[in-house]
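Colleague: Before we start, here is the structure in question, set down as structure tokens.
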Amino acid sequence: MPELVVERIEIPAYVGNSYVVGFPGGPCAFVDAGADAKKMTEAAARHGMTPAAVLVTHHHYDHVSELEEILDRIGKVDVMIHAFEQPLAEEFVVGFTQNIEDGETIRIGDDLELKAVATPGHTQGMLSFVGHGHVFTGDTLFRESVAGVRAPGHTTFEDLRASIMDTLLALPDDTIVVSGHNRPSTIGHEREHNPFVRVWRGLDPEGDEPVIVSLPGDAGETEEHEVRLVLEAADYDGGTKCWIRWPDGSDDLVPGSKVRRP
């Protein structure tokens with residue numbers, strides 16, 4: 001069997017990625033639909049692959065914005081997304097044809113199989129897709145960083161931690177991590193080098209620095225809060241991501257731009 005093609009199509013405006021996945025000469029899938037439609041279809045054609053499905057990790061604009069243009073170019077194919085995500089995605093685009101659930105295997109042609117795995121946190125219906133030694137993690141796990149839990153449709157810090165520690169890190173260490181932002185990694189690399197994972201594993205200590213976080217209040221105005229900084233680490237966009245602890249002991253993840261030292 002020829003080697004699997006996983007071509008990353010970058011989205012410069014969002015420091016993001018969509019992917020063309022398949023075996024040369026056969027049907028392929030697009031994982032997410034935020035990259036330039038022309039570049040996506042040209043990538044498939046270079047490998048003699050015919051687009052047969054679009055698999056969407058979650059509903060955010062940078063993962064679905066090119067869907068209608070993609071479908072204009074490739075025609076009607078299955079467009080699959082979790083049921084929680086579909087109505088939110090349809091605020092931006094239309095064209096979704098099928099809901100996929102945790103544990104469902106998507107078969108594309110005779111050879112390509114990807115299993116949908118629920119990884120909530122960044123959004124409620126976030127799916128990762130696992131197969132052929134790869135895991136497409138959407139916005140759950142990045143190279144040496146993790147997703148936030150304050151974007152539209154989010155759930156909780158605890159959900160995100162469980163999605164990474166209990167679900168994704170249960171995969172073999174040589175599994176290639178291809179995410180919605182940043183360069184590829186491996187599960188083994190993230191296990192040893194991701195700062196959040198290292199603290200979760202007890203390899204590095206938690207911080208306890210007092211800081212001020214500025215976030216929108218219920219009425220939309222910015223409110224400042226005294227919190228504790230558990231960890232600040234580099235993020236995919238050149239900034240930082242901060243794990244903070246609220247006075248009631250609950251944990252949160254916010255951009256470093258929202259945190260200042262008093």
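Colleague: Scan the range 3-12 and tell me whether some residue there is at pLDDT below 95 and open to solvent by 30 Å² or more (accessible area, probe 1.4 Å).
Modeller: Yes.
Colleague: Could you give me the residue pairs with C-beta distances under 7 Å whose first residue belongs to the range 147-174 and is without any contact (Cβ under 8 Å) to a residue 40 or more places away in the chain and within 18 Å of Lys241 (Cβ to Cβ), whose second residue is of a type in the set (Phe, Trp, Tyr) and part of a helix (DSSP H, G or I) wherever it lies, and which are 6+ apart or on separate chains?
Modeller: Close Cβ pairs (under 7 Å, with a partner that is of a type in the set (Phe, Trp, Tyr) and part of a helix (DSSP H, G or I)) amount to Met165/Trp200.
Colleague: Can you tell me which residue in the range 170-199 is surrounded by the most Cβ atoms within 10 Å (Cβ to Cβ), limited to those that are in a helix (DSSP H, G or I) and not hydrophobic (A, V, I, L, M, F, W, C)?
Modeller: Among those residues, the one meeting the criterion is Glu190.
Colleague: Kindly indicate whether Asp102 is of a type in the set (D, E, K, R), more than 19 Å from Arg183 (Cβ to Cβ) and in contact with a Leu (Cβ under 9 Å, 6 or more places away or on another chain).
Modeller: Against the criterion (of a type in the set (D, E, K, R), more than 19 Å from Arg183 (Cβ to Cβ) and in contact with a Leu (Cβ under 9 Å, 6 or more places away or on another chain)), Asp102 qualifies.
Colleague: While we're here: Output the residue which, of all residues in the range 13-27 that are hydrophobic (A, V, I, L, M, F, W, C) and within 10 Å of His47 (Cβ to Cβ), is surrounded by the fewest Cβ atoms within 10 Å (Cβ to Cβ).
Modeller: In this case the residue turns out to be Phe23.
Colleague: Within the range 145-164, how many residues turn out to be surrounded by fewer than 20 Cβ atoms within 10 Å (Cβ to Cβ) and not in a helix (DSSP H, G or I)?
Modeller: So the count comes out to 8.
Colleague: Ok, one more. For Thr167, only one of the following conditions fails: (1) part of a helix (DSSP H, G or I); (2) within 18 Å of Ser18 (Cβ to Cβ). What is its number?
Modeller: If we test Thr167 against (1) part of a helix (DSSP H, G or I); (2) within 18 Å of Ser18 (Cβ to Cβ), just (2) comes out false.
Colleague: Further question: Check whether at least one residue in the range 104-113 is open to solvent by 50 Å² or more (accessible area, probe 1.4 Å), among the acidic types (Asp, Glu), at pLDDT 95 or above and in contact with a Lys or Arg (Cβ under 8 Å, 6 or more places away or on another chain), and report yes or no.
Modeller: Yes, the range 104-113 contains at least one residue that is open to solvent by 50 Å² or more (accessible area, probe 1.4 Å), among the acidic types (Asp, Glu), at pLDDT 95 or above and in contact with a Lys or Arg (Cβ under 8 Å, 6 or more places away or on another chain).
Colleague: Same structure again: Can you name every residue in the range 91-100 that is open to solvent by 80 Å² or more (accessible area, probe 1.4 Å) and either touching a Ser or Thr at 6+ places or on another chain (Cβ under 9 Å) or of a type outside the set (A, V, I, L, M, F, W, C) (or both)?
Modeller: Within the range 91-100, Glu91, Phe92 meet the criteria.
Colleague: Only residues in the range 30-41 that are in contact (Cβ under 8 Å) with a residue 12 or more places away in the chain and part of a strand (DSSP E or B) count as the first member; pair them with residues that are surrounded by 18 or more Cβ atoms within 10 Å (Cβ to Cβ) and among the hydroxyl-bearing types (Ser, Thr, Tyr), Cβ under 8 angstrom, at least 6 apart or cross-chain, and list the lot.
Modeller: Close Cβ pairs satisfying both conditions: Phe30/Ser18; Phe30/Tyr19; Val31/Ser18; Val31/Tyr19; Val31/Thr57.
Colleague: For the range 200-258, give me each residue that is open to solvent by 50 Å² or more (accessible area, probe 1.4 Å), of a type outside the set (Ser, Thr, Tyr) and part of a helix (DSSP H, G or I).
Modeller: Across the range 200-258, the qualifying residue is only Lys258.
Colleague: Any residue in the range 88-114 that's of a type in the set (D, E, K, R): show its pairings with residues that are outside any strand (DSSP E or B) at Cβ separation under 6 Å, as long as the two are six or more apart or on different chains.
Modeller: Asp111/Phe23
Colleague: Would you check if Pro247 is out of contact with any Lys or Arg (no Cβ under 8 Å at 6 or more places or on another chain) and under 20 Å from Thr123 (Cα atoms)?
Modeller: no
Colleague: Quick test of your reading of the structure: His132 fulfils all but one of (1) open to solvent by less than 50 Å² (accessible area, probe 1.4 Å); (2) more than 16 Å from the chain's Cα centre (by Cα). Name the failing condition by number.
Modeller: Unmet for His132, out of (1) open to solvent by less than 50 Å² (accessible area, probe 1.4 Å); (2) more than 16 Å from the chain's Cα centre (by Cα): (1).
Colleague: A further question on this structure: Within the range 197-235, how many residues are closer than 14 Å to Pro255 by Cα, touching a residue at least 40 places away in the same chain (Cβ under 8 Å) and not small (Gly, Ala, Ser)?
Modeller: 5
Residues checked against (1) under 15 Å from Val177 (Cβ atoms); (2) in a strand (DSSP E or B); (3) hydrophobic (A, V, I, L, M, F, W, C):
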| site | (1), (2), (3) |
| --- | --- |
| Val93 | no, no, yes |
| Phe96 | no, no, yes |
| Arg107 | no, yes, no |
| Asp110 | no, no, no |
| Ala116 | no, yes, yes |
| Gly121 | no, no, no |
| Gly125 | no, no, no |
| Thr137 | yes, yes, no |
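The values are calculated or read from the model by the stated rules, or taken from the named source; none is laboratory data. Values in this document were obtained by computation on a predicted structure and should not be read as measured data. Counting neighbours? That spans all protein chains shown, and the Cβs are built from the backbone with ideal geometry, glycine included. Protein only, heavy atoms only, side chains kept; ligands, DNA and RNA dropped before computing areas. Shrake-Rupley method; radii C 1.70, N 1.55, O 1.52, S 1.80 Å.
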